[in-house]
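One structure below.
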Amino acid sequence: MGRHLLAGAPPLGLPDGLRLAGDIVTVAGIAVLAVALLGYDRQRFLGLTQLKAPDAPVDEALRVDGLHRFVRHPLYSGLFLVLWGHAQTEFALATAVWGSLYLLIGTIFEERRLVALYGEAYIAYRARVPAFIPWRRAGPGRERG
């Protein structure tokens, strides 16, 4: 009873198969994150470019290649997979709920920023490509539905 929550949160009592599935989803999420990061200028992503050259342009060109062909926010997709695959204790489940809420709210602000930055190009891209789950085939002329 006197256990510290972070030191050893009790498992949710999930069946072994479900725990294994969660572990696979977690690893898939880590893989998605790793592949997604390959598509970014990691120096710029970490803020190192801005430190080295404060006059460098703030943003890159609109990315619609790599994983961005399938989802607009592949890093968020990977984070969702990690959060929910790892939700095997009460603490991890609460983290998945609140972390997901944070990502969803952050996406609203990120989408506004991207529309302001890239304009019609981003609006057209948003109409073709889903935000997080590649549930439809992305392609030219594909409308939101």
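In the set (1) of a type outside the set (D, E, K, R); (2) part of a loop (DSSP other than H, G, I, E, B); (3) modelled with pLDDT under 80, the condition left unmet by residue 14 is number (3).
Within the range 23-61, the set of residues being among the hydroxyl-bearing types (Ser, Thr, Tyr) and closer than 25 Å to residue 100 by Cβ comprises 26, 40. Taken together, 63, 44, 72 contain a single residue that is farther than 30 Å from residue 12 by Cα and out of contact with any Asp or Glu (no Cβ under 9 Å at 6 or more places or on another chain), which is 63. Note on the range 32-48: residues that are surrounded by 12 or more Cβ atoms within 10 Å (Cβ to Cβ) and closer than 24 Å to residue 125 by Cβ amount to 9.
Just checking, does the range 69-89 include any residue being among the β-branched types (Val, Ile, Thr), within 20 Å of the chain's Cα centre (by Cα), at pLDDT below 95 and under 22 Å from residue 122 (Cβ atoms)?
For the range 69-89, residues among the β-branched types (Val, Ile, Thr), within 20 Å of the chain's Cα centre (by Cα), at pLDDT below 95 and under 22 Å from residue 122 (Cβ atoms): absent.
Of the residues making up the range 115-131, those that are touching an Asp or Glu at 6+ places or on another chain (Cβ under 9 Å) and surrounded by 16 or more Cβ atoms within 10 Å (Cβ to Cβ) are 118, 122, 126, 128.
The values are calculated or read from the model by the stated rules, or taken from the named source; none is laboratory data. These numbers come from a predicted model, not from an experiment. No Cβ is skipped: glycine too gets one built from the backbone with ideal geometry, and neighbour counts run over all protein chains shown.
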